[in-house]
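Single-structure report; data block below.
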Amino acid sequence: MSESSLSYVTHHADGPWQTYLSQVDRVVPYLGHLARWVETLKRPKRALIVDVPIELDDGRVAHFEGFRVQHNMSRGPGKGGVRYHPNVTLEEVMALAAWMSIKNAAVNLPYGGAKGGIRVDPKLLSIKELERMTRRYTSEIGIIIGPHQDIPAPDVNTNPQIMAWMMDTYSMNTGTTATGVVTGKPIHLGGSLGRVKATGRGVFVTGREAARRINLDLDGARVAVQGFGNVGAAAAELFAQAGAKIVAIQDHTGTIVNERGIDMAELMPTLTQYGGVGGFKGADKADDEAFWDVKCDILIPAALEGQVTVERAKRTTAKLVLEGANGPTLPAADDILADRGILVVPDVICNAGGVTVSYFEWVQDFSSFFWTEDEINLRLDKIMVGALKRIWDTADKHQITLRTATFAVACERILTAREERGLYP
Ligand code: NAD
């Protein structure tokens, strides 16, 4: 495994940055003459750490650590979400930014890769505190974001309301109405129809294509989903509509199982009432670790990084793993899944539906002409199917996994741009 030569990175073998580096190492043999530029991919172009002080409702002042990392911008402005989570670190944001570079290039979107985050548990803040924190963070990173520089979007624990505050703060600071500075906005602020469910839809589209290739019938297929937020819930609903049975769901409130299939229409309205799936009465409760033993055909990790460990990869009965989350599978677990003949559609293509519709949103904002939801969904389907086909052909040609093939396609595009632009000065 590649050790980072960056002084500000600690060596944490199972950490997301090390996972990313080892994924890059695996692709080097397929890069030909472009391999001379590979070091570019092993360091972020720019990493900003900001202090985010806010006044709490009780008059005290709290400080939060905020980050915005621009990993690579050879192919276009930075693009990637903003995460609010108590475990956010610089290294995590670096890895997430790097995966955005790969993802955007894999789908051939004209973007580089970026990501942001604040180390905070947003559930402990009032709505006013959340707004103040978002606005101060946006001002602090305002020196490097912009509609042509770097365009944030939602990620874990951020949503259209937070994007609206970011857009408003940036607009106030620049004396503009800069709708194109963030994506994932509410519809009447220049948001795009179909954006909220786009990542889950992309997971479904790539899953549907992969299932077809391995002759797995979605009708009656058993699906287990970890993480039931923006990504997991939208994907589960689409799989259920295609006739699949959602046999297990896990989120931070618990694990629910029902081998006959969890009724999505019954479950969805209860989510706000219980804050997650844990309180749902229409399924049995299970131990969190038992989630990985549930008999299933398709496993969708759609929560956080590092969830599919070696141990869990050995136990899963899935034939197909669809990575809704970013970085859910550790490299050693990836090898076990491959050895066991379990097909993995990697994050860097599987969850690219969100950024694809974010790209549509950005294009619509610039042209001030908005598309119908059907147009969005059709274009999304077409782009995802085309991107996956190109990746699959690469995998077949070199006899490599879909992950390494996605990295091969993406790195070739990034490093070609790097080479053509040349080194400045
Ligand atoms: P979200 O905040 O909407 O949902 C996160 C879900 O994960 C929640 O259901 C939460 O309960 C669950 N979760 C958190 N900790 C957990 C734990 N320890 N065990 C089990 N479940 C846990 O976030 P999201 O936007 O759905 O993002 C989920 C993943 O998808 C992240 O890896 C994110 O980076 C990735 N992703 C999101 C988007 C997007 O458009 N939102 C796009 C691409 C990738």
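Here, each number is a calculation from the coordinates, and none is a lab measurement. As the structure is a prediction and not an experimental result, all values here were calculated from the model. We place every Cβ from the backbone using ideal geometry, glycine too, and count neighbours over all the protein chains shown.
Listed values, structure above:
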{"item": "Among beta bridges that DSSP assigns inside the chain, antiparallel share in %, nearest 5", "result": "50 percent"}
{"item": "Aspartates and glutamates whose Cα lies under 13 Å from that of residue 389, excluding same-chain neighbours fewer than 8 positions away", "result": "209, 381"}
{"item": "Label-point separation in nm, residue 332 to residue 124, each point 7 Å along Cα→Cβ", "result": "3.2 nm"}
{"item": "Mean Cα-pair separation over length for region 44-177, i.e. relative contact order, pairs under 8 Å, 6 or more apart, %", "result": "28 percent"}
{"item": "From phi via Karplus (6.51, -1.76, 1.60), per-residue ³J(HN,Hα) for region 310-318 in Hz, x at Gly/Pro", "result": "4, 4, 6, 5, 6, 8, 4, 9, 5"}
{"item": "Virtual paramagnetic centre 7 Å along Cα→Cβ of residue 416, amide N under 20 Å, in region 91-123", "result": "100-113"}
{"item": "Linear extension gain, residue 14 paired with residue 161, 0.36 nm per residue minus alpha-carbon span", "result": "49.6 nm"}
{"item": "Positive dipole terminus of region 44-177, leading residue within 81, 165, 113 (C-beta point charges)", "result": "113"}
{"item": "Inter-site label distance for residue 286 and residue 39 at 7 Å from Cα along Cβ, in nm", "result": "4.8 nm"}
{"item": "Sequence-distant lysines (8 or more away, or on other chains) whose Cα lies within less than 23 Å of residue 295", "result": "245, 281, 285, 314, 319"}
{"item": "Computed Rg/Rh of region 44-177, alpha carbon atoms with Kirkwood Rh", "result": "0.97"}
{"item": "Computed lengthening from residue 215 to residue 363, 0.36 nm per intervening residue step minus Cα-Cα distance", "result": "49.6 nm"}
{"item": "Modelled label reach - residue 340, point 7 Å along Cα→Cβ, region 283-297 residues with backbone N closer than 18 Å", "result": "288-297"}
{"item": "For region 231-377: rounded, prolate or oblate by the Cα gyration tensor [a/c cutoff 1.5]", "result": "oblate"}
{"item": "Ranked packing of 239-248, 42-51, most packed first, by mean Cβ within 10 Å", "result": "239-248, 42-51"}
{"item": "Added length on full extension, which subtracts the Cα-Cα distance from 0.36 nm per residue, residue 242 to residue 266", "result": "6.9 nm"}
{"item": "Unit charges at the beta carbon, dipole of the chain: most positive-side option, 398, 191, 211", "result": "398"}
{"item": "Kirkwood Rh and Cα Rg combined as Rg/Rh, the chain", "result": "0.95"}
{"item": "Under-5 Å amide H pairs with residue 72, H placed in peptide plane, nonlocal only", "result": "45, 113"}
